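These notes concern the structure reproduced below.
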Amino acid sequence: MTHHHLGPGEVLEIGEQAGPMLIDARGTPEEPAVIRPVVDRAALRGEGTVLVLRNPRHVEVRDLDISATDAGEGVLVWVTETGCRGVRLHGLSVHGARNGIAVGSEVPGGIRNVEISHCLVTGCLLQGILTYGPDAPDHGLADVRVHHCQVEGTRGDPTLTDHHSGSGIVLGSVLGGEVADCLARGNGAGCRASEGPEGIFLHDCTHVAIRRCVASDNRTGGPADGGGLGIDLRCADCLIEDCTATGNDGAGILLWNLPGLRSGRAEVRGNHLADNARRTRWHGEITVAPSIGEVVVRGNRLHPAPGQEGIVAGRGMSGLSVVDNLISEQPSDAVYHVRMHAHP
């Protein structure tokens with residue numbers, strides 16, 4: 001792995017068929033460091049992690065085709081100290097990595113102002129696009145935006161049975177941000193775990209939204225999930241709006257938490273969900289766990305398959321508001337209550 005140091009305004013131009021790189025970039029808002037091809041696009045390849053940005057400040061990476069293996073990440077933004085900021089990843093293509101694009105902070109408040117845009121991630125093992133850090137409310141990341149990205153064919157690891165794998169886009173440990181105008185399709189078939197995967201989901205997030213995204217034909221090889229979109233553990237004040245989820249193995253939208261964990265308001269509005277819960281059939285088009293504090297389900301169009309429910313909630317759910325939804329083109333705010341696992 002070659003090691004490069006970049007200061008304000010410095011440019012690292014990549015030629016064809018370059019190998020793995022470790023970058024220490026210290027740009028400024030006015031003069032970011034830039035990593036780009038010599039012309040048009042360039043390829044980076046490696047057996048382990050291919051491109052590492054270590055504790056970056058104000059750096060742009062764009063227009064690279066990255067090929068990796070299950071042994072490492074395609075792109076890793078690696079944060080071990082506070083004060084990191086201003087990372088822009090644009091126009092990247094990543095294929096075959098363990099995680100395609102991963103932004104991780106080992107410390108609360110490690111990095112802010114992260115943008116991942118117009119990226120294509122295919123054929124990865126664990127997750128396509130991923131952020132991670134400490135459990136909420138000690139968020140490791142702030143002000144994160146993922147937009148106009150496409151993730152397909154994330155496989156899932158069948159040997160990893162105690163933790164989810166195979167999701168398309170996962171935002172974790174984020175304070176403030178959104179996933180917008182993204183597509184997650186055909187992910188997750190190899191997962192055998194008792195949880196996950198999902199096309200696009202949030203966990204340990206506060207004030208984060210999923211908007212105008214499409215999640216279709218996502219799968220699971222195990223007993224749970226395989227759904228389209230989700231708000232998961234320890235989230236607060238999060239939103240899913242104006243999205244489409246079709247043909248997924250699990251719920252079109254899953255709102256999930258566990259008893260005793262941090263929880264807050266979640267809202268689901270203006271979405272179109274159809275023909276989901278194809279494999280994990282205890283789900284509905286929308287499934288709500290009773291351990292979420294407050295949930296608003298408003299103005300959604302739901303088309304469940306014959307014999308399936310539109311909205312399913314766990315018994316004991318007391319903070320659910322269901323308003324102005326259409327189920328099979330008929331006005332309906334009906335909720336089917338069931339007992340859910342891991343809930344008394």
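The values are calculated or read from the model by the stated rules, or taken from the named source; none is laboratory data. Everything quoted here is computed from the prediction, not taken from an experiment. We place every Cβ from the backbone using ideal geometry, glycine too, and count neighbours over all the protein chains shown. In case anyone asks, the SASA skips ligands and DNA or RNA and just uses the protein heavy atoms, side chains included. Shrake-Rupley method; radii C 1.70, N 1.55, O 1.52, S 1.80 Å.
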### Message
Which of the three applies to segment 283-340, rounded, prolate or oblate, going by the alpha-carbon gyration tensor with a ≥ b ≥ c and a/c under 1.5 meaning rounded?
### Response
oblate
### Message
Please give the Cα centre distance for segment 21-63 versus segment 149-202, rounded to the nearest Å.
### Response
25 Å
### Query
For the chain, rounded, prolate or oblate, judged on the Cα gyration tensor with a ≥ b ≥ c (square roots of eigenvalues), a/c < 1.5 rounded, else prolate if a/b > b/c?
prolate
## Note on the structure
With all protein chains present, the chain has a carbon and sulfur share of its accessible area (1.4 Å probe) in percent of 49 percent
### Query
Considering only Ala189, Val288, Gly230, whose Cα is most displaced toward the positive end of the charge dipole of segment 175-297, charges sitting on Cβ of Lys, Arg (+1) and Asp, Glu (-1)?
Ala189
### Summary
Dipole check, the chain, charges on Cβ (K,R +1; D,E -1), about Cα centroid: among Thr244, Val146, Ile101 the Cα furthest to the positive pole belongs to Thr244
### Query
Ignoring ligands, DNA and RNA, what accessible area per residue does the chain give at 1.4 Å, in Å²?
37 Å²
### Query
Where the only charges are on Cβ atoms (+1 Lys, Arg; -1 Asp, Glu), what is the dipole of segment 139-249 about its Cα centre, to the nearest 20 debye?
200 debye
### Task
Identify, among Gly9, Met21, Gln308, the residue whose Cα sits farthest towards the positive end of the charge dipole of the chain, taking +1 on the Cβ of Lys and Arg and -1 on the Cβ of Asp and Glu, with the dipole about the Cα centre.
Gln308
#### Entry: Spin-label pair Arg315/Asp237, simplified geometry with 7 Å Cα→Cβ offset, distance in nm
3.5 nm
### Query
Roughly how many Å is it from the Cα centre of segment 265-344 to that of segment 116-133, as a whole number?
28 Å
#### Entry: Relative contact order computed over segment 62-165 (Cα-Cα under 8 Å; 6+ residues apart), in percent
26 percent
#### Entry: Size of charge dipole - segment 257-316 - debye, nearest 20, with Cβ of Lys, Arg +1 and Asp, Glu -1, no other charges
80 debye
### Query
How large is the dipole of segment 70-113 about the Cα centre if only Lys and Arg carry +1 and Asp and Glu carry -1, each at its Cβ, rounded to the nearest 20 debye?
220 debye
### Summary
Mean Cβ-within-10 Å packing, highest first, puts peptides 308-316, 326-334, 218-226 in the order 218-226, 308-316, 326-334
